[in-house]
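Have a look at the structure below, then the notes.
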Amino acid sequence: MNRICFSTFNLLHDVPNVCGVCTSKVPIFRFEFLDDGENTRAEYMKGFCCAPCAVKLLEVLEYIESQEWERERSALKADDMDTTDVRKQGFQLKNAQPLDSLT
């Protein structure tokens, strides 16, 4: 299962001065990101991020999920099963990015 969680944070406590993802902008969210795909090593990140990086993290999640949908569609197609429903529910990617594109 893959997930991302965003939350606000208390400005009076230990908060970095810059986003932990891009290391250039002021953070506005605390985040936790888990990429726990079946065929990959689990990756867990947590920290603080700015608004543009929050969008990038969501795009990464979209990319990961779209890859899973494509694997499922391919498996169904290989078994000569109808993939119409998978295509209807699949994602139309525009700017989705893999996790390693954040660094």
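What follows draws every value from the coordinates through simple rules; no lab data is involved. The shown structure was predicted, so the numbers you read here are calculated from the model rather than taken from an experiment. Cβ placement follows ideal geometry from the backbone for every residue including glycine, while neighbour counts extend to all protein chains displayed.
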Segment 1-55 - residue that is in a strand (DSSP E or B) and of a type in the set (D, E, K, R) and, of those, surrounded by the most Cβ atoms within 10 Å (Cβ to Cβ): D35
Yes or no: F33 farther than 24 Å from E70 by Cβ and of a type in the set (F, W, Y)? no
